[in-house]
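> Sharing a structure here in structure tokens format.
The values are calculated or read from the model by the stated rules, or taken from the named source; none is laboratory data. Treat the numbers as computed from the prediction; the structure is a model and nothing was measured. Quick reminder, even Gly has a Cβ in these numbers, built from the backbone with ideal geometry, and neighbours come from all protein chains shown.
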Amino acid sequence: MLLRGRPSSDTPAQVADRLVGRTGVDLGDGETKSHREQAVGVLLGYVTGLGVGAAYGLMRRDGGPPSVWATGPLLGAGAMAGSDHPAAALGVTDPATWDLTSWASDVVPHLVCGFTAAGVYRALC
């Protein structure tokens, strides 16, 4: 978003809307509802990233950390699957229809997330 000057994606808010709709929780109306959907979408992203990092930390607690270069892409792929799979399962998006730019817009930030998590884990352990 920073480099390309593009707006944020509305996919997380749409996922939030569908998930919240299944629970029967009322987020309000109009602009208030839209803002709350966006907030829930952001929180779901945080939960996904923290969940992948926490799972990795729990799996690695008994051994030394492997190379950041080996682990970063795996953690990025885990975070990507954790965000893309629910969106696809809820019918919000279909990755099979994405063009190269859409894939790059999804892969690059998740790789950065994966390398960051692996680097922080290695630095702390």
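> Can you tell me which residue is farthest from residue 111 (Cα to Cα) among those in region 59-89 that are of a type outside the set (S, T, N, Q) and in a loop (DSSP other than H, G, I, E, B)?
Top of the filtered list is 62.
> Just checking, which of 58, 75, 124, 100 is exposed (fewer than 12 other Cβ atoms within 10 Å of the Cβ), at pLDDT 95 or above and among the aliphatic types (A, V, I, L, M)?
Criteria check complete, one pass: 100.
> Please name all residue pairs, on different chains or six or more residues apart, with Cβ atoms under 8 Å, provided the first residue is in region 13-36 and is among the acidic types (Asp, Glu) and the second residue is surrounded by fewer than 16 Cβ atoms within 10 Å (Cβ to Cβ).
none
> Among what's in region 1-36 and is within 18 Å of residue 89 (Cβ to Cβ) and in contact with a helix residue (DSSP H, G or I) (Cβ under 6 Å, 6 or more places away or on another chain), pick the residue that is surrounded by the most Cβ atoms within 10 Å (Cβ to Cβ).
That would be 15.
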